[in-house]
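The values are calculated or read from the model by the stated rules, or taken from the named source; none is laboratory data. Everything numeric in this text was worked out from a predicted model, so none of it was measured. Cβ: placed from backbone, ideal geometry, glycine included. Neighbour counts: every protein chain shown.
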């Protein structure tokens, strides 16, 4: 280590910046985040810096560099493309023992600005000591994906309780053990899920002796998206990595399942037509039972839990049993699959509305015959896109009914199989021949049906699988 990493308090302290271009803007932006009082000297200003000056956020002096400009500064940054000026700033600052940073010139610096991960008051600085700033930014990006933005809220709440904890526990070791238990337990999970009031109440209860620090069970209702694991949210991935049990559906892709914690117990409850591993009521009860045993239960669903995912039914049961839970939305199939198929769901020239429909077949009253009970009139309105989940088996009837209710037989339509994955297949046709073409292609679930004028844009906008014929 050739440089000492430190954090300097520059709130309301004078920081001088020499330079008025894009590089200076980046440095000024970082200094403003630390609440510095900035005076900037430059013959000219770029638009961004001029806006900051006009707003009173920085003090701008139109002038070339002079040594006297550094008086009373706690630090100086040289951000010009004029090497003689940068050298002069460095020499003057060093002569006055003022910390100086010269952009892209480590040999002229007494300090360098690190690549920052800001979860204030948690701040992580990454430095290559000026040797490889792009590499430092790359490392920062990697760490960014591992740390939820809400970590700052944990630190704020911990700060609020610092005196109470100190009064409760006499020694540093006791306080460390206490905080380690909190940081690995459900109280922190409440903060991360936005339930800060409940977290504060739980901390108060623990410190007052009316509750113990226990790792109680909880259910994470997580949307696994349409198949591509890169479409998972950061929160979904974090919870997938810390669960004890994963209760998952048929529509969760193998690639997404690979990201679940390796030693978690896996329980498959997938449903296919006429084949339910567990009835929904038993799934609801299973989630509550596992959580009441003290387990962290990941309920992993394809797409989004609240869009044809029965997530509402499941959390109703959890609430009845007093089981804590959180819901993590996922990219629903309509959004993800249509995007990867090159079909925008709305377009100002073709569709101003979008309708999501479940095409699941239902039994007729007092009969074993299956049928579709859909709002055909609403689905037949012009200038909209209709997206049908689980509509493969009833596709022929869907097409017939829409045509019977006034939709043109030549309306563009598509069926997408296993969208967003490397196994994606797309069949495009018109409403009158869609069912026949899909049958000839032997399409298998999971499939999504898209009907509307926007489908004709696929030939132009297909980007994901360019070798596939539209």
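Name, by its number, the condition in (1) modelled with pLDDT of 95 or more; (2) outside any loop (DSSP other than H, G, I, E, B) that does not hold for residue 406.
Residue 406 satisfies every listed condition except (2).
Which is at negative phi and surrounded by 21 or more Cβ atoms within 10 Å (Cβ to Cβ), of 76, 85? Give the derivation first.
Details: 85 fails: surrounded by 21 or more Cβ atoms within 10 Å (Cβ to Cβ).
On inspection, the qualifying residue turns out to be 76.
Please tell me if residue 331 is over 20 Å from residue 238 (Cβ atoms) and not in a helix (DSSP H, G or I).
In short, no.
May I ask you to list the residues in the stretch 334-360 that are out of contact with any strand residue (DSSP E or B) (no Cβ under 7 Å at 6 or more places or on another chain) and part of a strand (DSSP E or B)?
Matches in the stretch 334-360: 347 only.
Looking only at the stretch 429-459, count every residue that is part of a helix (DSSP H, G or I) and loosely packed, with under 15 Cβ neighbours inside 10 Å and tell me the total. Outline the logic, then answer.
Pass one, the stretch 429-459, residues part of a helix (DSSP H, G or I): 434-440, 453-459.
Next cut, loosely packed, with under 15 Cβ neighbours inside 10 Å only: 436, 439-440, 459.
Of the residues in the stretch 429-459, 4 are part of a helix (DSSP H, G or I) and loosely packed, with under 15 Cβ neighbours inside 10 Å.
If you take the residues in the stretch 39-59 that are in contact with a strand residue (DSSP E or B) (Cβ under 9 Å, 6 or more places away or on another chain), touching a residue at least 24 places away in the same chain (Cβ under 8 Å) and within 8 Å of residue 20 (Cα to Cα), which one is surrounded by the fewest Cβ atoms within 10 Å (Cβ to Cβ)?
44
So, in the stretch 419-428, of the ones that are within 20 Å of residue 385 (Cα to Cα) and part of a loop (DSSP other than H, G, I, E, B), which residue ends up farthest from the chain's Cα centre (by Cα)?
419
Give the residues of the stretch 61-85 that are touching a residue at least 24 places away in the same chain (Cβ under 8 Å) and within 43 Å of the chain's Cα centre (by Cα), sorted by residue number.
73, 74, 75, 76, 77, 78, 79, 80, 81
Among the residues of the stretch 195-209, is there at least one that is over 23 Å from residue 322 (Cβ atoms) and not in a helix (DSSP H, G or I)? If you could, list the steps in order and put the result at the bottom.
Residues of the stretch 195-209 over 23 Å from residue 322 (Cβ atoms): none.
So far as the stretch 195-209 goes, no, none of its residues is over 23 Å from residue 322 (Cβ atoms) and not in a helix (DSSP H, G or I).
Checking residue 285 against (1) in contact with a helix residue (DSSP H, G or I) (Cβ under 9 Å, 6 or more places away or on another chain); (2) closer than 21 Å to residue 421 by Cα: exactly one of these is not met. Which one?
Only one criterion in (1) in contact with a helix residue (DSSP H, G or I) (Cβ under 9 Å, 6 or more places away or on another chain); (2) closer than 21 Å to residue 421 by Cα is unmet by residue 285, namely (2).
Is it the case that residue 398 is closer than 30 Å to residue 232 by Cβ and either crowded, with 21+ Cβ neighbours inside 10 Å or out of contact with any strand residue (DSSP E or B) (no Cβ under 8 Å at 6 or more places or on another chain) (or both)?
Working: closer than 30 Å to residue 232 by Cβ: no; either crowded, with 21+ Cβ neighbours inside 10 Å or out of contact with any strand residue (DSSP E or B) (no Cβ under 8 Å at 6 or more places or on another chain) (or both): yes.
No.
Could you say whether any residue in the stretch 300-307 is farther than 23 Å from residue 452 by Cβ, crowded, with 24+ Cβ neighbours inside 10 Å and in contact with a helix residue (DSSP H, G or I) (Cβ under 6 Å, 6 or more places away or on another chain)?
yes
Among the residues that make up the stretch 454-462, is at least one of them in contact with a helix residue (DSSP H, G or I) (Cβ under 8 Å, 6 or more places away or on another chain) and outside the structural domain of residue 249 (by TED's automatic domain parsing)? Full working, then the answer.
Applying the first criterion (in contact with a helix residue (DSSP H, G or I) (Cβ under 8 Å, 6 or more places away or on another chain)) to the stretch 454-462 yields none.
The answer is no, given that none of the residues of the stretch 454-462 is in contact with a helix residue (DSSP H, G or I) (Cβ under 8 Å, 6 or more places away or on another chain) and outside the structural domain of residue 249 (by TED's automatic domain parsing).
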